[in-house]
Each structure stands twice: as structure tokens, then as C-alpha cells.
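*Asks:* To start, I am sharing the structure in question, which I have written as C-alpha cells.
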Amino acid sequence: MKDGGEIVVVDDSYLILDRVRERLTAEGYNVRTTTGQSAALKLVEFADLAIIDFHMPGIDGAEMLRSLKTSHPHGPCLYYLYTSDRQVATRYQQLGFDGAFLRKGEDAALVPQVSAVFRTIRMRKLAEKLRSERRR
Amino acid sequence: MSLTHSNPTPADSSGTPPLERSAELPGRFVPIGLKFALVSMLVVGIATAVAFFQATHRERARLIDAKRIAASMVADLLAQSLEAPLDFGDEDALRTELAHLKQNKEVAYAAVWRKGQTEPWLDLRAPGPSFPLPLDHETPGTTAFDDRVETVRAIVGRSNKPLGSALIQFSLARENADLAIGRRDISLYCLLLALGTTALLIGVTRRQIVRPLETLLGAARSIERGERGASVDVKANDEIGRLASAFNAMNAAIFDREQRLATVNKSLRELFDHMRQGIVVFGPDGKVEGTHSRAAGEIFGHQALEGRDARELLYGGVGHWDAERRAFEEWLPLGFEAATEYWSEVVSLAPSELTLNQGSPEQRDLALEFRPIAQQGKVSKIMLLATDETERRRLEREMERQGARHKSQIALMRRLVAGGGQQFVAFLERARRRFDRADEILPESAERLDLATIGEVFQIAHTLRAEALTFELSEMAQVLNQLEENLSELREEARLTGSAVLARVRGDVRSSLGFARALVEESEELFAEASPAGRAALETMAVQKGDVAELVELSRGRNDAIEAVAMRLASRPFGECVASLIEQASSWAEKENKRVRLEVDGREAPVPPALADVLGGVLAHLVRNAIAHGIEPVPERLSLGKPAVGSIELSCRPDPARGAVLVVDDDGRGIDHNPFLARAAEGAQSLRNLRNVALSTAPAATELAGRGVGLSAVEEDLARVGYAVSVATRDGGGTRFEIRPRSAGRA
């Protein structure tokens, strides 16, 4: 396991989910995918990163995010939008996401983006460690 | 002493100009010479004034003393000469005596008083200034005033009877005039002396101090301007001379240091510019500082990078939402905040690669490396080394794409093989004939094509495309589709004019056909590769199993060519017998925590039908045994210098004595180290001994082999179909089983 990262991907397209899973698994991540909200609720509990599609039938990514955050208010999970819609990407903060992966569908772009998120997680841990060392 | 500012060489144009000019001093500029002159004039002025005062004072005192003495003597004489006339009251005699005084030009006034009277009895006044009379004209004495000397004498008669008194006033006009002339001369000399001294002092100061200092200043300014070689000519050995020589030494040292710096700088710069890496340095604010390498300018597309933000440089093209950009923005402060001992951790969190202008034709793939520049244990700057890997990544992606294509094609071919393969072989043959036909009707020299020819080529392309699609050869179908479109254009043209000029699309037509043909050849190769029978699959045709069995039965015992052909028909390719083994072997190895690769040689070699029936089981036993006992675990293999993946070679070649010789050869630890085989091999190389080792000697009976029954079963199975197995070991490890027909005598 390269990063030992647990990733949840929520999208309405099986095709996309399959490709994302295949790609990220090859990079050493633990990837779980779902099209449904109830499954997503369970999966994010242990996830480090949730990648959520914005345009899904019946529910949009922001709504999905709200329900996930309501049920796991203090979870360590980071939420990123997965979209090719630049307009939505620029609104990520307002929608409550931690960031966005643009260029949806381009596998080559996905891996560095995910790796950047996991680096961010580790950076925050390191920064926390440095802060606590300074306090001592 | 003099200092000459020797001709400075012009500043080296490549040298860096001085960053700061010398600071402006507060207040107005007052030359040191002027200060010196003012002070010296003041001092000399005071000194001369004091000397002048002293000199005139003494001169006056001397003149007045002389006057007093003269006045006293005249007054004494007058007092004596007046005694008798006063006593006798002889006014005429008195007058005569007083008149004598007229001869003395300096006497301004003389008077005689009778005792007790306030008004003079007689007086004499010379022409000229008149002086006031004293209040007391009876007390004898001499008094000096500024303009006169006054002397009073008592006139005493016989028997000391006071008779009266006499007063004479002497004018000092002559003395005062003399004094004025002397004073004028003295002050003139004093002034001349003061001026001369001052001029001399100024001259000396200017020559000895001011001018050398100005020369030094000029040289210092020229150094400030960055001019090299400015030195001053030292001529005197005094403080200024020493200062000048120290200045020259300092200048030479500066020049030397600058030259060395410039040399180092130049070679660094060259090194910098010849590196393929783009190098920029940025500070805690993320701004690029100082110069950057030439490659950096090329990579980031700006010639001037100084002052630009590293975040913009790397992630300028993406929005702030971008995960990679956000990660870098969080990383940047961490990089400067963390102490150097954390840097290995910090640097592992930095981006290691980056794609600039993703998706556009100017896309650049960069490998990034970050290095801290530390001062006193704190990171003050970070150096970024960016390597352009666009070309390498492009090749990698191309390879990856090709690999994926190959993989999907192999999968496709396996499906085709599983479905019999005969139709596919037939398709390949038909396709080749169609391509030949197309070549025939499209000669190289033809410039125009008639409608009929176009129609026929179109027909060929159309059929091929449909067939290709049924075999999921999508790439070929695409090529042919394009060809069809081109041809239908030509056909339209030919319908109107009777024929069509190939010039515009002929290249396309021929190259499309050539490409499609190449794809057919490639498919054939892949098919042969995927087929267990190898290229033999291309030569086979479907026959009924029952017919073959019957033919074998009928020809049995004839010992002629017919029997040989019948046997060959019934025989199966070796590759088919080992197909399932190849798939299973790796999973067996996995269970044993080993890694194994099966290599098959002679896939096309025919295996007689009887042997083929038992061969699957036999080979499975031998391969499982090799995995369980022969092939070492990976760490052991590595420590022995063997490749991590063990190899088991399965080969088959036709035997002249109507059969086949098969070999199972592994590169494992060999018999000597294989406890199971070692004991058996002590006596003979025959497998019979192995079989007699009834139970496994393996430390623990593993799932795969070592239960002791495997090898005897193998030998029995082979014996039943007229084959024998032998075992051998090689120097350096490895076990080799050989299966060959029993010798005629024992068959």
C-alpha cells in the first residue's frame, strides 16, 4: 500500500467508477466506490478522502456532501469534487468541499491530484507535530 | 607630497554595478581648507592684536615719561625764577619770566597765582588748543593726561614763606602724532604677518592634506562606480601617504576578490545554464529571487522570472480549487517553518511531478525537486530544480498505450482461440486474398480509376470491415471505414465523369489498405501467440474426432505411411497439453510463497494421442514437485545470486522413434539439496529408486507435493503408454526430468 489511503468515490456512472477504481488501486490506494447515498454514508466513516461527482441524477454533490457531513460531523475525511464543470469547481468552498479535481475522465490527471490530497493530509499532521513541539 | 589618481580602466561590463551609492551627508559642504583658514586667521589675528596693543602701550608710556621729566625740569626752573619777582611784587619781571616760556613750543599755557587767590595773577596762553584749568592749583605735582602733561609748583620765598604757585600745561600733540604714525606702521606689519601666515598655512594644508584627500576621494568614488584598477600614486611617507598606500592595498584586494568572484560566478553561471534542469530560488513569500538558469526560463516560458510567485509559476494555469495547487500552497509555509532536520519529511510532501499546460500542445511534464537553503539552522530560501520530462513521459505513455492495446488484443485472441479459431484462420486467409486482389486492381502507375474498379475496391473494404467487426478488430474496422468514405467520394466523382483522379486520395487508399493489411498480419501473429498450438493453429483445420479415432484404429499395425499420417492426425500439439499448467503454475507458486515462470518450447510439436492423454497429469506432478522442492523462496534465490523468479522449462521435440521427447527442467536447488530426491539419487539416476522412497522427506508435507505418491504414479502412468522418465541434476543446481519412449526391447 503506497499511501495506505482509503478513498471513497461517489458517482452515478459505473464506467467512471470502474476506471477510477482500477487506476487508483493500481497506485496502491484502497478504493471503494458507490453510486448510492446510503452506501456512501457507511463508507466515508473510515475514509481519508471522498471524491464526489457533482451532477448526479436526483441529487447533486453539494446535497450529498451535506448529508455526509451531518452524519459524520467530525470525521477526518476530506471531500473533493470530481467534475469537469469549471463553474462548479470555482464554487467548491461555498459548496463545502475541501477542493476539486477538474478534468474528470482523464485518468492521467487523477493520480497526481489524489496524491496531492494525501500529501496535504500528511502535511497537516507534520504541521501539527511541529506546533506541539514548539509549545513544549 | 602629492597623490596622482592614475588612469582608471573602464568598468568591466559583465561585472555587477555597485548596488548603493555613497550616502549624502547632512548639512552644507564646507571644505576642510576653508575651516583651516578661518581658524588660522582667527588665531593669528588675536596674536597680532595682542602684540600691537603691547607695543603701542609701551611706546606711549616711554614718550609720556620723557615728557614728564622735561616738564618737571621746566617747572622747577620757572618756580625759581619767579621767586624774587613774586616776593617783590614786580609784575614786569614776572611777565618777562613767563614770556621766556614762549620759546618752548610745547608749552600751551602757563599761569601764576598769589597765595590764597583763586584767579591767576598773570598767565600766558600759546596759540593752539586750550586745556581746562585744574581745580587744585596749589598742590605741587605733575600729572599726565591723554593730550597734555600738567605740572604745578609752589613758589617759596626766603625763610620758606609760601608766596604762591605756578602751573604749566604742555601739549602732547607732537607725541600723539608720532604715536599715531608708529601705531599705523605696527598694525600694518601685524596685518601683513597675519595674512602671510594664513596664506602659508592654507597653502600647506591644501597641498599636504586637502589635495591628497581629494585624490583619494576620487579614487574611492571610481571604485564605488565599479571601475577597476583605480589606484593612487603615493609620494610621501606621512599619515596621508600611509592612508593612500592602505587604500591601494585595499583596492587591490577588492579587485582581486571581485575578479575571483567574477570567475567563479561565470563558471557557475555556465554550469547553471548547461544543466538541463531549470533552477529557481524563492523566499518565504514565494517570490523568485535572483537569477535563474536558462533552462528555467525555457521551461516556465518567461525570460524574467525574478519577483514572480513560485505558486503562479507552477500552478498559474489552474484555479485555486485545484488539489495540486492547494497542496503546494499548504506546503510552502511548512517548508520554511520546519527546521532542517525535518526536511527529509517535508521534501517527501512536496510535489515530485507537475504537468504544465495540461491538455494543450505546449504541455510539459516536469519532475520537481526541492532543496532547502539554510542559514543558522533555518530555511531561508528554497531551491526548485525542474527537469523537463515531456519527451520521456510521452514515450512512456505511448508504450503504455501500446501495451494496453496489445493486452486487449491478446485477450481478444484468446477468446477467438477458445471459440475454435478455425473461422478466424479462415478470415485471415480470405482477408489476405482480398488485399492481393485490391493490389492487383490498384496498380502503382494508375492515375485515374474507373467506376468499376472503385466499386470493387469499395466492396472489398466493406466486406473486410464487417468481418473485422465480427472479430472485434476495431482498429482495423476504423481504418477500413475511413477507406470506405474516401472511396465513396471517388465513386461520386467517377459517376459524373466516368473516372476519378486518384491524385488527391490515392495515397490514402493505398496506405489505408497497407495499414489494414499490416493489422491483419499483426492479428495473425497475436493469434498464433495466444494459441496453445502456436503457429500450428494456423495450419489446422476442423475434423471430427471420431473420424480420426477410426482412422487410427484402421491403420494400426500397418507400419506404413498411412499409419504414420493417421497417428500424426490424431496427435495433439504439445502447447495444448500444457495450456492449463501455464495458468495454474503461478497460483501454486503463490501458495508456496515462491515466484515461478513457466517457459514452453516446442508448442507445435505433435504429442502422440496416447501420451497426450496422460501427459497433463504427469506434467502437473512434475511441475508441482519442482515448485514445492526445487524452486527456492525469493530471499534464498536472491542470496544465491539467482533471479527472483524461478524458471521451469517445459520442452518437447519430436523423436525419430515415432514419439516425442519431453523435458521438465527447473533452476531450483537441485537433487543434492532436495531432500526428497537426494536419497533416491544416491544409488542410481533411475526414477525407480525415487519411487521406493515411500514417504516424503519434506520437513512438513505441503499441500502441493511431497506426499510420496506423486512420482511413482508418474512412472506408472508413463510406462502404460510406453514412456520412461529419468532424472538428472546439473552443476549449480536445477533438476531435469526427461520423458522419452522406452527402448524397443522394453516397450
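*Asks:* So what is the 222 nm mean residue ellipticity for chain A from helices alone, if each DSSP H run of at least 4 adds -39500 (n - 2.57) and you divide by all residues, rounding to the nearest 500 deg cm²/dmol? Write down the numbers at each step before the final one.
*Replies:* Values: 6 runs with 69 residues, N = 136.
That calculation yields -15500 deg cm²/dmol at 222 nm.
*Asks:* Give me B:309, B:388 ranked fewest to most by other Cβ atoms within 10 Å of their Cβ, as a rough exposure proxy.
*Replies:* Details: B:309 15, B:388 18.
Going from least to most buried by this count: B:309, B:388.
*Asks:* Here's something else I'd like to know. Estimate the FRET efficiency between residue A:131 and residue B:369 by the formula 1/(1 + (r/R0)^6), using the beta-carbon distance for r and 22 Å for R0, to the nearest 0.05. Write out the running numbers ahead of the final one.
*Replies:* Values: r = 27 Å, r/R0 = 1.23.
The computed FRET efficiency comes out at 0.25.
*Asks:* Once you have the Cα-Cα distance between residue B:179 and residue B:638, take 0.36 nm times their residue separation minus that, and quote the gain in nm to one decimal.
*Replies:* Answer, rounded to one decimal: 152.4 nm.
*Asks:* Given Cβ point charges of +1 (Lys, Arg) and -1 (Asp, Glu) and nothing else, what value in debye, to the nearest 20, does the dipole of chain B about its Cα centre take? Please report the intermediate quantities before stating the final value.
*Replies:* On the way: 93 positive and 107 negative charges, 362 e Å.
In total the dipole reaches around 1740 debye.
*Asks:* Still on this structure, please answer the following. Need one number: nm distance between label points at residue B:474 and residue B:584, each 7 Å from Cα along Cα→Cβ, rounded to one decimal.
*Replies:* 3.5 nm
*Asks:* Can you work out the FRET efficiency for the pair residue B:550 and residue B:411, with r the C-beta to C-beta distance and R0 = 45 Å, to the nearest 0.05? Can you show the working numbers first?
*Replies:* Details: r = 37 Å, r/R0 = 0.83.
For R0 = 45 Å, the calculated efficiency reads 0.75.
*Asks:* Please tell me the relative contact order of chain A in percent, rounded to the nearest whole number, where contacts are Cα pairs under 8 Å and at least six residues apart.
*Replies:* Working: 196 pairs, mean separation 27.7, N = 136.
Reported as a whole number, the value is 20 percent.
*Asks:* Skipping prolines and chain starts, which residues have an amide H placed within reach, meaning under 5 Å, of the one on residue A:101, given they are 5 or more residues away or on another chain?
*Replies:* HN-HN under 5 Å from residue A:101: A:81, A:82, A:83.
*Asks:* Order of B:315, B:189 from fewest to most other C-beta atoms within 10 Å? All intermediate terms of the calculation are to be shown ahead of the outcome.
*Replies:* Details: B:315 21, B:189 14.
Arranged by neighbour count, lowest to highest, B:315, B:189 become B:189, B:315.
*Asks:* With r defined as the distance between the Cβ atoms of residue B:105 and residue B:56 and R0 fixed at 25 Å, what FRET efficiency is calculated, to the nearest 0.05?
*Replies:* Details: r = 25 Å, r/R0 = 0.99.
E between residue B:105 and residue B:56, to the nearest 0.05, is 0.50.
*Asks:* Just to check I understand the Karplus step: with θ = phi - 60° and J = 6.51 cos²θ - 1.76 cosθ + 1.60, what whole-Hz values come out for the range B:354-360, glycine and proline as x?
*Replies:* Those phi angles translate into 7, 10, 8, 6, 4, x, 9 Hz.
*Asks:* Next question, about the same structure. Using the Kyte-Doolittle scale, find the helices of chain B whose mean hydropathy is at least 0.5 and whose Cα atoms extend 24 Å or more along the helix's long axis, counting only whole DSSP H runs. Walk me through the intermediate numbers first.
*Replies:* Values: long enough: B:32-88 (83 Å, 0.81); B:173-205 (47 Å, 0.81); B:239-274 (52 Å, -0.27); B:390-418 (41 Å, -1.27); B:422-441 (29 Å, -0.86); B:451-470 (29 Å, 0.70); B:474-497 (34 Å, -0.73); B:506-530 (35 Å, -0.20); B:574-591 (26 Å, 0.09); B:609-625 (25 Å, 0.95).
Helix filter hits for chain B: B:32-88, B:173-205, B:451-470, B:609-625.
*Asks:* Net charge near residue B:156: determine it from the other residues with C-beta under 15 Å of the C-beta of residue B:156, scoring Lys and Arg +1 and Asp and Glu -1. Can you show the working numbers first?
*Replies:* On the way: positive: B:114, B:115, B:153, B:158, B:161; negative: B:76, B:83, B:87, B:138.
Here the charged neighbours net out to +1.
*Asks:* If the chain between residue B:485 and residue B:43 were fully stretched, how many nm would it gain, using 0.36 nm times the residue separation less the Cα-Cα distance? Kindly include the intermediate steps, with their values, before the conclusion.
*Replies:* Numbers: separation 442, 0.36 × 442 = 159.12 nm, distance 11.53 nm.
In short, 147.6 nm is gained.
*Asks:* Amide H neighbours of residue A:33 under 5 Å, counting only residues 5+ apart in sequence or on other chains, H built in-plane at 1.01 Å?
*Replies:* The answer is A:9.
*Asks:* Moving on to the next point. Go through B:160, A:59, A:117 and say which Cα lies farthest out towards the positive end of the charge dipole of the protein assembly as shown; charges sit on Cβ, +1 for Lys and Arg, -1 for Asp and Glu.
*Replies:* In the protein assembly as shown, that residue is B:160.
*Asks:* From the cross-link list B:67/B:102; B:67/B:115; A:125/B:381; A:129/B:378; B:407/B:594, which pairs have alpha carbons spaced over 19 Å apart?
*Replies:* Values: B:67/B:102 17 Å; B:67/B:115 28 Å; A:125/B:381 23 Å; A:129/B:378 17 Å; B:407/B:594 25 Å.
Pairs exceeding 19 Å: B:67/B:115; A:125/B:381; B:407/B:594.
*Asks:* Among B:141, B:297, B:81, flag the residue with its Cα farthest along the positive direction of the charge dipole of chain B, charges on Cβ as +1 for Lys/Arg and -1 for Asp/Glu.
*Replies:* B:81
*Asks:* Label residue B:357 and residue B:90 with points 7 Å out from Cα along Cα→Cβ: what is the distance between them in nm?
*Replies:* 14.6 nm
*Asks:* Still on this structure: If I stretch the segment between residue B:441 and residue B:422 completely, what's the gain in nm (0.36 nm per residue apart, minus their alpha carbon distance), one decimal? Write down the numbers at each step before the final one.
*Replies:* Working: separation 19, 0.36 × 19 = 6.84 nm, distance 2.91 nm.
Length gained between residue B:441 and residue B:422: 3.9 nm.
*Asks:* Mind giving me the nanometre distance, one decimal, between the label points for residue B:463 and residue B:344, set 7 Å out from Cα along Cα→Cβ?
*Replies:* In this crude label model, residue B:463 to residue B:344 measures out at 7.0 nm.
*Asks:* Taking amide hydrogens as modeled 1.01 Å from N in the peptide plane, which residues meet the under 5 Å criterion relative to residue B:723, leaving out close sequence neighbours?
*Replies:* Residues meeting the amide H criterion: B:742.
Read-outs throughout are calculated quantities, based only on the coordinates presented, and are distinct from any laboratory measurement. Predicted model only: the values in this text are computed from it and were never measured. With ideal geometry, Cβ positions are generated from the backbone for all residues, glycine too; neighbour counts draw on all protein chains shown.
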